[in-house]
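J.: Handing you a structure now.
The values are calculated or read from the model by the stated rules, or taken from the named source; none is laboratory data. No experiment lies behind these values; they were computed from the predicted model shown. Using ideal geometry, Cβ is built from the backbone for each residue, glycine included, and neighbour counts are taken over all protein chains shown. Each accessible area value is taken on the protein alone, full model and side chains, heavy atoms only, with ligands, DNA and RNA left out. Shrake-Rupley method; radii C 1.70, N 1.55, O 1.52, S 1.80 Å.
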Amino acid sequence: MNQYYQPEKETASRDQISSWQLEGLKKTVQRMYDHVPYYRAKLEAVGLEPGDIRYLEDIRKLPTLSKDDLRENYPYGLLASPLSDCVRIQSTSGTTGKRVIAYYTQHDVDLWEDCCARAIVAAGGTKDDVVQVSYGYGLFTGGPGLNGGSHKLGSLTVPTSSGNTDRQIQFMCDLGTTILCCTPSYAAYLAESIHEQGVRDKIRLKAGIFGAEAWTEEMRRDIQDQLGLKAYDIYGLTELSGPGVSFECHAQAGMHVNEDHFIVECVDPNTLEPVPDGQRGEIVFTSLDKEASPMVRYRTRDIGILTHEPCECGRTFVRMSKPLGRSDDMLIVKGVNVFPSQIEEVLLKNGYQANYQIVVDRVGNSDTIEVRVEMTPDMFSDDLSEISRYEKHLVAALKSMLGIMAKVSLVSPKSIERSEGKAVRVIDRRKLYV
Ligand code: DLL
């Protein structure tokens, strides 16, 4: 095992954890103050210097960061290491030119992979396992993160990436895959296909590590029943490294935050005041040991619940619930982050008015997204073949903005209900959050 992966830390005393966290917090604030002029200006604006951080509670004095800060500083603005020390980037899905880029030094890659290795161990993984990584590889962090974690553990890693379902199943059968890593919706789709192909008895899966999108307990039960495995949740975001910020243990009762690498806060999204254990709030993270893209009080916009209650697994790291919603309007459709404002931008650019509705649904195990938009009065008089041409044009424009296919339906002018208050632009029928 390498120098970073230290499972004994997962059962450290709370005092010990607090002491690591204070040290890491001071180091990170100093690093950002020294190397990130934008952050230095933010600190100065509230009259703070790194030396003002003496206790862990002082974190509350620090300004927060959000996706907007990252976008505003695209592409290099928040970089805290020389570019020549960086060995990798990863990126979130998003508008061209507004993507969020995370940079990694070799040290950052190691820390991240260790967090993923811990998640695999918590799911019962050992060096004797065959770990099939069916998250996407590339800019998305899912594939590279779990791939690295599996290597660190010494498991046999099968980097199938997502898609090509027949080949996935073939490898599962031929290599005796024991741990499957992918999004829960893809796991459900794989389960369906395995049953259709009648090869369930050739599947040796014992665990699945599923995350990157919301999924219900009902979906967990279905996947577990159909694949005969135990399904573990895993959470993370690109801005903080990727998957492995938190992960489930065998108790399946919340995800342990890797607290030797991150401080987690749960706050009221409006006042930023701390919310007690057991109550819903926005989850905010601070990294403790990241070099290239450190984060101080990063607002995830994910709504969750924290608990410091002891866990039956013996880990002392705080647990967070599944994300229970968002404090912004971001949707995750087919694993891709979609903001309604991106759709609106495409519509306006193409000469439509902002009279539209976005309908998200789940058919079988696959997300669908439909954009309903009113035709302009001159289109309304055109014949049907013309209308289908307009629709196809919008489908292509949306694909280029979002990276996924959306169905487009042009509806007659004034047919979308007008609202006197906030317009209801998004209808999400998936009921993913409780
Ligand atoms: O989704 C990283 C990841 C990859 C996590 C593989 C787990 C497994 P992003 O693309 O930056 O990163 O999206 C981050 O996805 O703020 C949540 O809203 C959502 N999310 C991540 N994990 C979960 C989960 C990756 N387990 C955003 N349950 C986050 C619900 C999740 N939502």
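J.: Taking θ as phi - 60°, what are the ³J(HN,Hα) couplings along segment 154-171 by the Karplus curve (6.51, -1.76, 1.60), each to the nearest whole Hz, with x for Gly and Pro?
T.: x, 6, 6, 9, 10, x, 6, 6, 8, x, 6, 4, 4, 5, 4, 5, 4, 4
J.: What FRET efficiency would be calculated for the residue pair LEU175, ALA253, taking the C-beta separation as r and a Förster radius of 30 Å, to the nearest 0.05?
T.: 0.40
J.: Right, next: Distance in nm between label sites at LYS431 and ASP329, each 7 Å beyond Cα in the beta-carbon direction?
T.: 2.5
J.: Whole-Å semi-axes of segment 145-286's equivalent ellipsoid, largest first, each the root of 5 times a Cα gyration tensor eigenvalue?
T.: The three semi-axes for segment 145-286 are 32, 17, 12 Å.
J.: I need the Kirkwood Rh of segment 148-219: take the reciprocal of the average 1/r across all distinct C-alpha pairs and report it in angstrom.
T.: Hydrodynamic radius (Kirkwood, Cα pairs) of segment 148-219 is 12.9 Å.
J.: How large is the convex hull of the C-alpha atoms of segment 93-171 per residue, in Å³?
T.: Values: hull volume 7.7 nm³, N = 79.
Cα-based convex hull of segment 93-171, divided per residue, equals 98 Å³.
J.: Sticking with this structure for a sec: ³J(HN,Hα) across segment 221-234 via Karplus (A = 6.51, B = -1.76, C = 1.60, θ = phi - 60°), whole Hz, x for Gly/Pro?
T.: Values, residue by residue: 4, 4, 5, 4, 5, 6, 9, x, 10, 9, 9, 10, 7, 9 Hz.
J.: Run the lone-cysteine check on the chain: no other Cys C-beta under 4.7 Å from the residue's C-beta.
T.: Unpaired cysteines in the chain: CYS86, CYS115, CYS116, CYS173, CYS181, CYS182, CYS266, CYS311.
J.: Rg and Dmax of segment 1-158, Cα atoms, in Å?
T.: 18.0, 54
J.: Something else about it: Of the residues GLY278, GLY145, GLY136, which exhibits the maximal mean-square fluctuation in a Gaussian network model of the chain defined by a 10 Å Cα contact cut-off?
T.: So, out of GLY278, GLY145, GLY136, the one fluctuating most is GLY278.
J.: For a quick check of understanding: with a 1.4 angstrom probe and all protein chains in place, what accessible area in square angstrom does SER321 have, to the nearest ten?
T.: The accessible area comes out at roughly 30 Å².
J.: In addition: Within the chain, what's the longest stretch lacking trypsin sites (Lys or Arg not before Pro) that sit in DSSP loops with no more than 11 other Cβ atoms inside 10 Å? Kindly include the intermediate steps, with their values, before the conclusion.
T.: On the way: sites that count: ARG54, LYS127, LYS414, ARG418, LYS422, ARG429, LYS431.
No qualifying site falls inside 128-413, the longest such stretch.
J.: May I pose another question? Tell me, what is the percent relative contact order of the chain, built from C-alpha pairs under 8 Å that lie six or more residues apart?
T.: That works out to 14 percent.
J.: For segment 334-422, what D do you get in µm² per second when you plug the Kirkwood radius from alpha-carbon pairs into Stokes-Einstein at 4 °C and 1.567 mPa s?
T.: Details: Rh = 13.7 Å.
Roughly 94 µm²/s, to the nearest whole number.
J.: Separation of segment 252-293 and segment 356-431 by C-alpha centroid, Å?
T.: Here the two parts' Cα centres lie 36 Å apart.
J.: Give the relative contact order (percent, whole number) for segment 158-240; include only Cα pairs under 8 Å separated by 6+ residues.
T.: The value is 30 percent.
J.: Straight-line reach from LYS349: which lysines have Cα under 19 Å away, leaving out those fewer than 8 places along the same chain?
T.: LYS98, LYS392, LYS399, LYS407
J.: Let me cross-check SER84: its accessible surface, 1.4 Å probe, with only protein heavy atoms counted, in Å² to the nearest 10?
T.: 100
J.: Just from the alpha-carbon atoms, what are the Rg and Dmax of segment 54-138 in angstroms?
T.: Just the Cα atoms of segment 54-138 yield Rg and Dmax of 16.9, 47 Å.
J.: What is the distance in Å between the Cα centres of segment 131-197 and segment 1-59?
T.: 35
J.: Here's a follow-up. Give me the percent of accessible area attributable to carbon and sulfur for segment 53-159, probe 1.4 angstrom.
T.: Of the solvent-accessible surface of segment 53-159, carbon and sulfur hold 53 percent.
J.: Let me ask something else. In the chain, what is the volume of the convex hull around the alpha carbon atoms, normalised per residue and reported in Å³?
T.: For the chain, the hull spanned by Cα atoms encloses 155 Å³ per residue.
J.: When the accessible area of segment 214-302 is computed with all protein chains present and a 1.4 Å probe, what percentage of it is carbon and sulfur?
T.: 41
J.: Please return the longest stretch of the chain lacking exposed loop sites, where GluC sites (Glu not before Pro) count only if DSSP places them in a loop and at most 12 other Cβ atoms lie within 10 Å.
T.: Segment 1-311 is the longest.
J.: Can you give me the relative contact order of segment 127-175 as a percent, contacts being Cα pairs under 8 Å and 6 or more apart?
T.: In percent, rounded to a whole number, it is 44.
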